[in-house]
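Participant: Here's a structure for you.
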Amino acid sequence: MDRQRTVGIVLFDEVEVLDFAAPFEVFSTTQYLDSDETKPFVVNTVSETGAQVRARNGLLVQPDYNFQKCPHFDILIVPGGPGARGKEFDNDVMIQWIVGQMTVVELMASVCTGALLLAKGGLLDGLKATTHWASYDRLESEFPKVNVQRGVKFVDQGSVITSAGISAGINMSFHIVCKLLGSEVADATARQMEYDIEPGYLGISPD
């Protein structure tokens, strides 16, 4: 049995709901095949201040932690949405916190336009990456050091993984489960969620 990992999911006003809720569901549902007692992942949410955030379309969410007081995260998920491509894109506190987390996490991952926040911090320089189809051109034009990949669900560059828009975060999350725990665990999680996943999860893995 592998060690338990802590997953942090970043929240902010106008975050896309499925961007954070889908990875939360996948990681929190995942179980080891031979044990119901210890789950592979502990999933927490974190925001800049810890105050309640208003997600896209008005959903109110209470984060577990703030940036100053949060546990060590092994995996950090940075979702997207209007907040990511707007206010948070210009939020130096957000960008620098994400950059700082890159030095301590095992995996840094973005969903949808969360890739813009990683790119703003220089974390995608020299890497292949993807985002929501409507933001391909913005990612490419504003960050020419990023090799934008179009028409894929996710791109795995080792310690940095980016996914396409919204529901593609599900594919990416199953890929991470498979990457860390094997295909049998990922497939069992998909069965539990009654979610049909394609072989390879339609992404780009490390060369």
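The values are calculated or read from the model by the stated rules, or taken from the named source; none is laboratory data. Bear in mind the structure is a predicted one, so any value in this text is a computation, not a measurement. Virtual Cβ from ideal backbone geometry, glycine too; neighbours counted across all protein chains shown. When the accessible area is computed, the model is the full protein with side chains, heavy atoms only, and any ligands, DNA or RNA have been set aside. Shrake-Rupley method; radii C 1.70, N 1.55, O 1.52, S 1.80 Å.
Participant: Below 13 Å Cα-Cα, how many Lys pairs turn up in the chain? Only count pairs eight or more apart in sequence, or on different chains, if you could. Mind dumping the intermediate values first?
Facilitator: Working: LYS87/LYS120; LYS120/LYS145; LYS128/LYS145; LYS128/LYS153.
For the chain, qualifying lysine pairs total 4.
Participant: Applying 1/(1 + (r/R0)^6) with R0 = 22 Å to the Cβ-Cβ distance of SER167 and GLU194, what FRET efficiency is obtained, to the nearest 0.05? Please list the in-between numbers first.
Facilitator: Working: r = 15 Å, r/R0 = 0.67.
Once rounded, the FRET efficiency stands at 0.90.
Participant: Keeping the other protein chains in place, figure out the carbon and sulfur percent of the accessible area of the chain, with a 1.4 Å probe. List each step's numbers first, then the result.
Facilitator: Working: 4290 of 9170 Å².
The computed percentage sits at 47.
Participant: Mind running the shape call on segment 116-207? Use the C-alpha gyration tensor, a ≥ b ≥ c as the square roots of the eigenvalues: rounded below 1.5 for a/c, prolate if a/b tops b/c, oblate otherwise.
Facilitator: Details: a/c = 2.69, a/b = 1.94, b/c = 1.39.
Prolate, since a/c reaches 1.5 and a/b exceeds b/c.
Participant: Moving on to the next point. Determine the dipole magnitude for segment 8-73: charges of +1 sit on the beta-carbon of Lys and Arg, -1 on that of Asp and Glu, nothing else is charged, the reference point is the Cα centre, and the result goes in debye to the nearest 20.
Facilitator: Numbers: 4 positive and 10 negative charges, 42 e Å.
Here the size comes out at about 200 debye.
Participant: Give the relative contact order (percent, whole number) for the chain; include only Cα pairs under 8 Å separated by 6+ residues. Display every interim value, and only then the final one.
Facilitator: On the way: 457 pairs, mean separation 41.0, N = 207.
Computed over the chain, the figure is 20 percent.
Participant: Moving to a separate point now. If you look at just the Cα atoms of the chain, how large are its Rg and its Dmax in Å?
Facilitator: Every Cα atom of the chain included, Rg and Dmax give 15.7, 48 Å.
Participant: Now, a different point. Gap in Å between the Cα centre of segment 142-204 and the Cα centre of segment 10-57?
Facilitator: Segment 10-57 and segment 142-204 have Cα centres spaced 16 Å from each other.
Participant: Under a Cβ-only charge scheme (Lys and Arg +1, Asp and Glu -1), can you give me the dipole magnitude of segment 130-176 about the Cα centre, in debye to the nearest 20? Each step should come with its number before you reach the end.
Facilitator: On the way: 4 positive and 4 negative charges, 12 e Å.
With Lys and Arg at +1 and Asp and Glu at -1, about 60 debye.
Participant: Please report, in debye to the nearest 20, how large the charge dipole of the chain is about its Cα centre when each Lys and Arg carries +1 at its beta carbon and each Asp and Glu carries -1 there. Present the calculation step by step, with values, prior to reporting the outcome.
Facilitator: Numbers: 16 positive and 27 negative charges, 81 e Å.
Once rounded to the nearest 20, the dipole reads 400 debye.
Participant: Suppose each label sits 7 Å from its Cα in the direction of the beta carbon; what would the ARG150-ARG54 distance come out to in nanometres?
Facilitator: 3.6
Participant: Could you identify which residue out of ALA164, ALA129, ALA186 has the top mean-square fluctuation in a GNM of the chain using Cα springs shorter than 10 Å?
Facilitator: Sorting by GNM fluctuation, first place goes to ALA186.
Participant: Along the charge dipole of segment 30-110, Cβ charges K/R +1 and D/E -1, which of VAL104, THR45, GLY80 sits furthest on the positive end?
Facilitator: The Cα lying farthest towards the positive end belongs to GLY80.
Participant: For a quick check of your reading of the filter: which chymotrypsin sites (Phe, Trp or Tyr not before Pro) in segment 108-207 sit in a DSSP loop and have no more than 15 other Cβ atoms within 10 Å? Please list the in-between numbers first.
Facilitator: Numbers: sites: TRP133, TYR136, PHE154, PHE174, TYR195, TYR201; in loops: TYR195.
For chymotrypsin sites (Phe, Trp or Tyr not before Pro) across segment 108-207 that sit outside H, G, I, E and B with at most 15 neighbouring Cβ atoms in 10 Å, the list reads TYR195.
Participant: Please check: in the Gaussian network model of the chain (C-alpha springs, under 10 Å), which one of GLU25, GLU48, GLU184 has the largest mean-square fluctuation.
Facilitator: Largest GNM mean-square fluctuation: GLU184.
Participant: What does the accessible area per residue of the chain come to in Å², with a 1.4 Å probe and no ligands, DNA or RNA counted? List each step's numbers first, then the result.
Facilitator: Details: 9170 Å² over 207 residues.
Accessible area per residue, the chain: 44 Å².
Participant: How big is segment 135-175 by the Kirkwood estimate over distinct Cα pairs, in Å?
Facilitator: Values: mean 1/r = 0.0921 Å⁻¹.
It is 10.9 Å.
Participant: Can I ask one more? Please compute the length gained on full extension between GLU106 and LYS179, using 0.36 nm multiplied by the number of residues separating them and subtracting their Cα-Cα distance. Don't skip to the answer; put the middle values down first.
Facilitator: Working: separation 73, 0.36 × 73 = 26.28 nm, distance 1.22 nm.
So the chain would gain 25.1 nm between GLU106 and LYS179.
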